[in-house]
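The values are calculated or read from the model by the stated rules, or taken from the named source; none is laboratory data. What you see is a predicted model, and the numbers here were worked out from it, not measured in a lab. So basically every Cβ, Gly included, is an ideal-geometry build from the backbone, and we count neighbours across all protein chains shown. We work out accessible area using only protein heavy atoms, side chains counted, and drop any ligands, DNA or RNA first. Shrake-Rupley method; radii C 1.70, N 1.55, O 1.52, S 1.80 Å.
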Amino acid sequence: MSTTAPSTVDDPTLVLLTVEEAARRLQIGRTTCYRLIRTGELESIPVGNLRRIPADAPAAYVARRRAQQRAA
């Protein structure tokens, strides 16, 4: 029987996500994720030369979008 390590996308201990991990959580493309970051819709922080997304930011983005939909 082989065991595989859990995917980083499902790892609840992560504090910061890569852009690719955040995009997978949101089920969007990497380019779309970078656009959301650039427009400020998805929170991100610089870590040295890297761009990281707080682990709770994708859920916060979805919550804001849901609230906007309900208000419309």
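Would you check which residues across the stretch 25-58 are hydrophobic (A, V, I, L, M, F, W, C), open to solvent by 40 Å² or more (accessible area, probe 1.4 Å), within 19 Å of residue 15 (Cα to Cα) and out of contact with any Lys or Arg (no Cβ under 8 Å at 6 or more places or on another chain) and list them? Across the stretch 25-58, the qualifying residues are 47, 50.
Looking at the structure I just gave you, is residue 63 of a type in the set (A, V, I, L, M, F, W, C) and modelled with pLDDT of 95 or more? Yes, satisfied. Sort through 19, 9 and tell me the only one that's modelled with pLDDT of 95 or more and either open to solvent by less than 60 Å² (accessible area, probe 1.4 Å) or on the phi < 0 side of the Ramachandran plot (or both). Only one candidate qualifies: 19.
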